[in-house]
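Engineer: The structure under discussion is supplied below as structure tokens; questions concerning it will follow.
Read-outs throughout are calculated quantities, based only on the coordinates presented, and are distinct from any laboratory measurement. Everything numeric here is computed off the predicted structure, so don't read it as measured data. Neighbour counts are summed over all protein chains in view; Cβ atoms, including those assigned to glycine, are modelled from backbone coordinates with ideal geometry.
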Amino acid sequence: MLPEEELQQRWLQFQSALTKQPGKEYTLDDILILIGRQEAGWPLQKELSEKEKNDLMQLGICSILVPAKYYELIWVDDIGWPHFKQLKQLPNVNLAERNFLLKQYVLLYNDRNKLVKPPLHAVK
């Protein structure tokens, strides 16, 4: 995993690369929703309800945490929605530590799935 300073630098670079509008910054939640959209095959133009945003954010979290063996993809239903099995509990940590963990795996996901091209350096 990355040291905190390196993670912050890569995270800012990643956010900047995602942003097409000056002054618009993607939050971690926005990025998890974007990953969920990608995993479910949902178009970016579709307006989302709060429930859909929450569902896509959870899908994003499950998707990025597969390499850490927190979740396992068990099947994709007939409408293309991935279903996961939780293999272990996430650590009981504060919000900052949780976000640090999630950002590391978002960057790893990006390296593998190319949300931002060219890919950023790989998470070790």
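Engineer: Quick check of the Kirkwood formula: for region 21-86, what is the inverse mean of 1/r over all pairs of different Cα atoms, in Å?
Structural biologist: When all Cα pairs of region 21-86 are included, the Kirkwood radius is 12.4 Å.
Engineer: For the ranges 43-52, 101-110, 63-72, 80-89, what's the packing order if you count other beta-carbon atoms within 10 Å of each residue, average per peptide, and put the highest first?
Structural biologist: With the highest mean Cβ count within 10 Å placed first, the list reads 101-110, 63-72, 80-89, 43-52.
Engineer: Sticking with this one: Treating only the Cβ atoms of Lys and Arg (+1) and Asp and Glu (-1) as charged, compute the dipole magnitude of the chain about its Cα centre; round to the nearest 20 debye.
Structural biologist: Approximately 280 debye in magnitude.
Engineer: Taking the convex hull of the alpha carbon atoms in the chain, what volume per residue do you get, in Å³?
Structural biologist: It is 124 Å³ per residue.
Engineer: Related question: Suppose R0 equals 30 Å. What FRET efficiency, 1/(1 + (r/R0)^6) with r the Cβ-Cβ distance, do Asn94 and Lys46 give to the nearest 0.05?
Structural biologist: For R0 = 30 Å, the calculated efficiency reads 0.35.
Engineer: Further question on the same structure: Run the helix sum for the chain: -39,500 (n - 2.57) per DSSP H stretch of 4+ residues, divided by residue count, reported at 222 nm to the nearest 500 deg cm²/dmol.
Structural biologist: -16500 deg cm²/dmol
Engineer: May I ask you to list, by number, the DSSP H helices of the chain whose Cα span along the axis is at least 24 Å and whose average Kyte-Doolittle hydropathy reaches 0.5 or more?
Structural biologist: none
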